[in-house]
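The structure under discussion appears below in the form of structure tokens.
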There are 2 protein chains.
Amino acid sequence: MDDQVLQPGDRDYVGALASGLDVLLAFDAEHPRMTLSEVAAKAEMDRAKARRFLLTLHALGFVKRAGRYFELTPKVLQLGYAYQASNQYRPMIQQYLDEITATLGESTSLTVLDGDSAVLVLRATPPQRLMAIQLSVGTRLPAAYSSMGRVQLAQMDDETLDAWLQRQTLQAHTAYSVTHVKALRERILEARQQGYCIVDQELELGLLSVAVPVFAANGELLGAINISTNAVRVDMNTLVSRYLPALQEAAAQIHTYAR
Amino acid sequence: MDDQVLQPGDRDYVGALASGLDVLLAFDAEHPRMTLSEVAAKAEMDRAKARRFLLTLHALGFVKRAGRYFELTPKVLQLGYAYQASNQYRPMIQQYLDEITATLGESTSLTVLDGDSAVLVLRATPPQRLMAIQLSVGTRLPAAYSSMGRVQLAQMDDETLDAWLQRQTLQAHTAYSVTHVKALRERILEARQQGYCIVDQELELGLLSVAVPVFAANGELLGAINISTNAVRVDMNTLVSRYLPALQEAAAQIHTYAR
DNA sequence: TTCGCTGCGTTCGCAAGGCGAACGAGGCCG
DNA sequence: CGGCCTCGTTCGCCTTGCGAACGCAGCGAA
């Protein structure tokens, strides 16, 4: 077995599986219920194809039909469950996130890097704050514009990082967004040197976020933990003098006890 | 389009998709990393077949290979994400769960019924309590032996309920477990009449749980919310006089505002 | 009322592509 | 060193997924 990276349209590539997953992924927050034709359009396949996969997913219990409409069943959560359960440090890290959230009254989360995205894996939210943007587990944030993404990119070696940067075409999200790869690279190197990363409204107006990397005792990078808050409510000084140390303390604890 | 329930080995049934999902589901807490042969054994297919699906999932980014071992990537979380995002009442319900957990210091959760299981959809856990059983989103609990399951079964009409009970072969989990379908039926009818359900260590020794159903303003059953605690720490009186009212209050609020 | 039209879900013959028996490469033991 | 596992991989056969074509409402114009 050679460690050959991928297979695009190879002999062993099972197209039907890819298409089926595309159908599952066609459902999102804006399209929770769709007709066969809508699914076909969203997943970019003809109706006959979409129908086969919808019927199969229906038979397997992953989608249900209400008249002409199809929607997901909670069974799809099972697909992500194995991943969550496979991280042995998950409960410990959750405890630290809960503690920070309880103390500071701010949202915290653990994300891991997957390609160009930082994927939200764990989170803790304060009881109040009804207006907070509700991100759920599985949400993908652009690595380039999130503190968790940048602080994990900072852990790559120069070669890997530069290769990654090469592939990026930066898309500004707000007026604060860094737009040149060169500037982004500087921010990442800064994060590497400092050991933490702050991103100030580059992803969304008003969103201020600080992140640090977390390591297991054996040095393995487990991901990044962060605190997200509102730029109007919290100033940069509080963020650095109060919030950052809480994150660093948690990361240190995890590093010590995650073995 | 007739509302025909399922398709087992039908013309339109895409076996490849089913097999691919089986491979994904082969990974669990006890088997987070597996070789090709292990996956094949776990998913009950020959090695060649398992290999095709693993390579395809690898190409799609859902699994990664570390030498001879395969493991899931965080991308699988995306599959469950759409379901989570599709529930518009999720953030509101989460708030109420967080509140109850903050007030009582106990774990709370929202589950929905899916076949024979109550699937955990949302949860809130108190910051302390390191020993608590960590259930994660997507976990499936037997509907027959969980308070959330029973209180949702109680919402079925008699005919549907009896058909459901017919299909059950009860498997006792502890010495407290109800073992006869007839007795289970009585518990469920009791839950229907009372509007809540308490299950005392029938699923796991020491696990005491109370649940109530939650409805949207239009009367639609959204699921069940529950409080799980330890039978040693909390007595039945506290459960009924303190915990239950908190759940009922939250359910009433949700019923009023979920529109 | 009838007609054509549009958008829907479903059918079915063809060939693309998944199946698994058979293979060969390593590791282990006598 | 040779026999014997167990593993990952190959490749010809035939299953099985593909999509053009179909039929059926619903609707507006004639």
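Below are the figures for this structure:
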item	result
The listed residue being more than 9 Å from chain B (Cβ to nearest Cβ) and open to solvent by 30 Å² or more (accessible area, probe 1.4 Å), out of A:174, A:179	A:179
Residues of the range B:60-90 classified as more than 30 Å from residue B:251 (Cβ to Cβ), within 7 Å of chain A (Cβ to nearest Cβ) and among the aliphatic types (A, V, I, L, M), total	3
Subset of the range B:5-49 [within 13 Å of DNA strand D (Cβ to nearest atom) and farther than 18 Å from residue A:60 by Cβ]	B:33, B:34, B:35, B:36, B:37, B:38, B:39, B:40, B:41, B:46, B:47, B:48
Selection status of residue B:27, of a type in the set (Phe, Trp, Tyr), under 26 Å from residue A:121 (Cα atoms), at the interface with chain A (Cβ under 8 Å from one of its Cβ atoms) and within 28 Å of the chain's Cα centre (by Cα)	yes
Subset tally (residues that are in contact (Cβ under 8 Å) with a residue 12 or more places away in the chain and of a type outside the set (Lys, Arg)) for the range B:45-59	7
Among (1) farther than 19 Å from residue B:15 by Cα; (2) within 16 Å of DNA strand D (Cβ to nearest atom); (3) modelled with pLDDT of 90 or more, the one test that residue A:97 misses	(2)
Extreme residue, least open to solvent (accessible area, probe 1.4 Å), among residues of the range A:116-127 that are at the interface with chain B (Cβ under 8 Å from one of its Cβ atoms) and either over 10 Å from the mean Cα position of the chain (by Cα) or at pLDDT below 90 (or both)	A:126
Enumerated strands (runs of 3 or more DSSP E) restricted to the range A:185-259, each holding at least 2 residues that are under 17 Å from residue A:112 (Cα atoms) and not β-branched (Val, Ile, Thr)	A:207-215, A:221-230
Single residue of A:185, A:140, A:167 found to be in contact with a strand residue (DSSP E or B) (Cβ under 6 Å, 6 or more places away or on another chain) and either open to solvent by 40 Å² or more (accessible area, probe 1.4 Å) or in the same structural domain as residue A:234 (by TED's automatic domain parsing) (or both)	A:140
Single match in B:168, B:193 (criterion: of a type outside the set (A, V, I, L, M, F, W, C) and over 20 Å from the mean Cα position of the chain (by Cα))	B:193
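The values are calculated or read from the model by the stated rules, or taken from the named source; none is laboratory data. Owing to the predicted nature of the structure, the values given are computational and were not obtained by experimental measurement. Positions of Cβ are generated from backbone atoms using ideal geometry, with glycine treated the same way; all protein chains shown enter the neighbour counts. Calculation scope for accessible area: heavy atoms of the full protein, side chains included, ligands and nucleic acids excluded. Shrake-Rupley method; radii C 1.70, N 1.55, O 1.52, S 1.80 Å.
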